[in-house]
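Report on the structure given below.
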Amino acid sequence: MDRLLDGYRKFRAEAFPGRKDHFRLLASSQAPEVLFITCADSRVVPDLILQSEPGDLFLCRNAGNVIPPGGEMAGGVSATIEYAVEVLKVKHVIVCGHSDCGAVKAALDPTRGLESLPLTEQWLHFIKSAWDYMPPDVPDDPNERHTALIHANVIAQLNHLKSHPEIAKGLERGTLQVHGWYYDILTGDLEAYDQTQKRFIPLEQYAAALPAIR
């Protein structure tokens with residue numbers, strides 16, 4: 001707690017005064033263009049990774065960057081998606097997984113360590129569909145298998161996202177784009193899932209080929 005208080009003091013003394021005008025503009029409204037759905041993992045810090053500013057990203061975080069399929073669960077994730085698209089009119093929705101994801105690791109062996117975590121076990125049910133997107137030659141090495149399932153989970157959650165009616169409507173109209181990303185904690189690299197090539201490629205390469213939004 002002391003560290004957090006020291007950080008707050010520094011923010012008030014150094015960071016806030018220089019951005020006072022920016023915060024004044026944000027005080028009564030927001031207009032982010034991106035809904036960023038990622039894991040609750042403390043090592044994933046979107047504003048640090050993307051060097052974004054307050055007001056740039058509408059954030060949704062949970063264990064495993066899970067998105068329940070549309071209509072299946074009226075929870076916080078679904079409500080956040082609905083609000084972001086229908087009210088904030090975001091243009092992009094990004095689903096971002098990351099290396100060494102604990103939620104996906106638990107999904108590799110759902111019978112171990114979840115006996116005392118019934119809510120977590122229920123939540124991880126939404127990761128099961130990731131197995132449908134694993135490569136045909138599933139790696140034997142545990143670390144490679146884990147990484148492969150993390151990638152597959154991004155694809156699975158991306159497809160769950162598309163089942164939400166407001167997302168489907170935005171995609172059909174061409175007013176919205178959805179993206180699946182993978183962040184490597186060790187290297188700092190970001191990759192994006194190319195739906196044409198059916199593989200993850202460097203973010204810069206992916207972004208260069210994106211069509212314009214209407």
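Out of the residues in segment 81-127 that are surrounded by 21 or more Cβ atoms within 10 Å (Cβ to Cβ) and touching an Asp or Glu at 6+ places or on another chain (Cβ under 8 Å), state the one that is nearest to ARG145 (Cα to Cα).
It comes out as CYS101.
For segment 33-52: of the residues being of a type in the set (S, T, N, Q) and either part of a loop (DSSP other than H, G, I, E, B) or modelled with pLDDT under 95 (or both), which is nearest to TYR83 (Cα to Cα)? Full working, then the answer.
Going through segment 33-52, the residues of a type in the set (S, T, N, Q) turn out to be 38, 42, 51-52.
If we keep only those that are either part of a loop (DSSP other than H, G, I, E, B) or modelled with pLDDT under 95 (or both) too, we end up with 42, 51-52.
Values: SER42: 25, GLN51: 24, SER52: 21 Å.
The selected residue is SER52.
Please verify whether GLY55 is surrounded by 16 or more Cβ atoms within 10 Å (Cβ to Cβ) and either without any contact (Cβ under 8 Å) to a residue 24 or more places away in the chain or in a loop (DSSP other than H, G, I, E, B) (or both), treating the condition exactly as stated.
It is false that GLY55 is surrounded by 16 or more Cβ atoms within 10 Å (Cβ to Cβ) and either without any contact (Cβ under 8 Å) to a residue 24 or more places away in the chain or in a loop (DSSP other than H, G, I, E, B) (or both).
Quick check, is VAL77 hydrophobic (A, V, I, L, M, F, W, C), loosely packed, with under 13 Cβ neighbours inside 10 Å and more than 22 Å from LEU190 (Cα to Cα)? Outline the logic, then answer.
Numbers: hydrophobic (A, V, I, L, M, F, W, C): yes; loosely packed, with under 13 Cβ neighbours inside 10 Å: no; more than 22 Å from LEU190 (Cα to Cα): yes.
For VAL77, the condition - hydrophobic (A, V, I, L, M, F, W, C), loosely packed, with under 13 Cβ neighbours inside 10 Å and more than 22 Å from LEU190 (Cα to Cα) - is not met.
For segment 161-177, which residues satisfy the criterion of being in contact with a strand residue (DSSP E or B) (Cβ under 9 Å, 6 or more places away or on another chain) and part of a helix (DSSP H, G or I)?
Of everything in segment 161-177, those that are in contact with a strand residue (DSSP E or B) (Cβ under 9 Å, 6 or more places away or on another chain) and part of a helix (DSSP H, G or I) turn out to be LEU161, LYS162, ILE167, GLY170, LEU171.
Within segment 1-31, can you find the residues that are of a type outside the set (A, V, I, L, M, F, W, C) and in contact (Cβ under 8 Å) with a residue 12 or more places away in the chain?
So in segment 1-31, the residues of a type outside the set (A, V, I, L, M, F, W, C) come out as 2-3, 6-10, 12, 14, 17-22, 24, 28-30.
Across segment 1-31, the qualifying residues are ARG19, HIS22, GLN30.
GLY180 - would you say it is part of a strand (DSSP E or B), in the same structural domain as ALA107 (by TED's automatic domain parsing) and surrounded by 14 or more Cβ atoms within 10 Å (Cβ to Cβ)?
Details: part of a strand (DSSP E or B): yes; in the same structural domain as ALA107 (by TED's automatic domain parsing): yes; surrounded by 14 or more Cβ atoms within 10 Å (Cβ to Cβ): yes.
Spelling it out, GLY180 is indeed part of a strand (DSSP E or B), in the same structural domain as ALA107 (by TED's automatic domain parsing) and surrounded by 14 or more Cβ atoms within 10 Å (Cβ to Cβ).
Could you tell me which residue of segment 171-206 is nearest to the chain's Cα centre (by Cα), considering only residues that are among the aliphatic types (A, V, I, L, M) and farther than 25 Å from ASP41 by Cα?
Top of the filtered list is LEU176.
Going by what's in this entry, would LEU171 be described as buried (at least 19 other Cβ atoms within 10 Å of the Cβ) and of a type in the set (A, V, I, L, M, F, W, C)?
The answer is no for LEU171.
Look through VAL178, VAL154 and report the one residue that is touching a Leu at 6+ places or on another chain (Cβ under 8 Å), modelled with pLDDT of 95 or more, within 25 Å of ALA84 (Cα to Cα) and among the β-branched types (Val, Ile, Thr).
One residue alone meets the criteria, VAL178.
Determine which single condition LEU186 fails, assuming it passes every other condition in (1) touching a residue at least 24 places away in the same chain (Cβ under 8 Å); (2) in contact with a helix residue (DSSP H, G or I) (Cβ under 9 Å, 6 or more places away or on another chain).
That leaves (2) as the condition not met.
Checking the condition more than 19 Å from the chain's Cα centre (by Cα), acidic (Asp, Glu) and under 19 Å from PRO69 (Cβ atoms), which residue from ASP132, ASP109 passes?
Working: ASP109 fails: under 19 Å from PRO69 (Cβ atoms).
Within the list ASP132, ASP109, the selection yields ASP132.
The values are calculated or read from the model by the stated rules, or taken from the named source; none is laboratory data. Here the structure is a predicted model, which means the values were calculated and not measured. Note that we place each Cβ from the backbone using ideal geometry, even for glycine, and neighbour counts take in every protein chain shown.
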